[in-house]
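Below you'll find the structure, written out as structure tokens, and then a few comments.
The values are calculated or read from the model by the stated rules, or taken from the named source; none is laboratory data. As the structure is a computational prediction, the values presented were derived from the model and not from experiment. Quick reminder, even Gly has a Cβ in these numbers, built from the backbone with ideal geometry, and neighbours come from all protein chains shown. Just the protein is used for accessible areas: all its heavy atoms, side chains included, with ligands, DNA and RNA removed. Shrake-Rupley method; radii C 1.70, N 1.55, O 1.52, S 1.80 Å.
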Amino acid sequence: MRKVAVIFNPAAGKAKLLQLKEKIINTLEIAFEEVTVYETKQPGDGATYVNQVSSQVDLIIAAGGDGTVNEVINAIAPLEKRPAFAIIPGGTSNDFSREIGMLQNPLKAAEQIAEKETKMIDIGQSDHYYFLNFWGIGIITQVSETVDSNSKQNIGRLAYYLRTLQTIGEEKSFHLKIESDNGIWEDEAVMLIVGNGTYTGGIRAFFPEGSIHDGLLDVLVIKEASLPTFWSILQSKVDNNEQINEGIKAFKTKSITVTADPAQNIDCDGERQNQTPSSITVLHNHIQMVVGNIE
């Protein structure tokens, strides 16, 4: 890898990333022959830059939070010829950067990228959108809609889960139909989450044993919202292919089609852009990523 494009969000982490910009770029310039920085000013800029430079560079680095990462991966994933991808974490949760073993200090992450260690990783595809971490409907969408930015900054990764517990009793169930490699399943539910990565909101809560290399999606259905059910999840007691209580169903699959009545808003890595029905599949070894201390 010689030529690098850095898509840099100067507003990430309340502009904390911006304070390290010069040191980050200096670190990268020592390791790579050509480093060009593209600063985003508004949503959509990251995707525009990817489309402009993807055929001219060997590596694209997203420097920012999960929103920046999501935008960049959605621009890279559909390309026929895809440059390698890397992340310099600058947000609150930084979920996928944790998944691939990147240190959460942005400058330290830049030093890891300079080592140029790469692995092929899986990503998820939901209709015309792509995700690294999760696809979800139900409570997870309601929670992400009601966790304000101040809460995320002040209590970080716990914000989502504290809000989840507060939501119990307020949730509305829906009729869920799932078609997958395992057959057809129908029942009432309050949440469905389909995972690729293991982190959500900075914590390995839903799929602690998940893998971004196995060519499979992890599926978790919560049929009823109760404190015992959520404590089982938060304490990482959910095991795929095992139903630990009547309120939880978990399994693995390569693809899944979801129908809900009434239709549900979809949360795809924190971005809400569509409604059910939806078809989700895993794209095995689709992206070459620069990784850190990955198991």
Net charge near N74: determine it from the other residues with C-beta under 11 Å of the C-beta of N74, scoring Lys and Arg +1 and Asp and Glu -1. -3
Around D269, what is the net charge, scoring Lys/Arg as +1 and Asp/Glu as -1 over all other residues with Cβ under 9 Å from its Cβ? -4
How much solvent-accessible surface does E111 expose, in Å² to the nearest 10, with a 1.4 Å probe and all protein chains in place? 80 Å²
If you line up the Cα atoms of the range 35-151 on their principal axes, what length do they span on each, largest first, in Å? 41, 32, 30
Return the long-range amide H neighbours of N274 (sequence gap of 5 or more, or a different chain), with a cut-off of under 5 Å between placed amide H atoms. I266
The local net charge around F96, scoring Lys/Arg +1 and Asp/Glu -1 for residues other than F96 whose Cβ lies under 9 Å from its Cβ, equals -3
Under a 1.4 Å probe, counting only protein heavy atoms, K249 has an accessible area in Å², nearest 10, of 50 Å²
Translational diffusion coefficient (Stokes-Einstein; Kirkwood radius from C-alpha pairs) of the range 35-92 at 20 °C, 1.002 mPa s, in µm²/s: 188 µm²/s
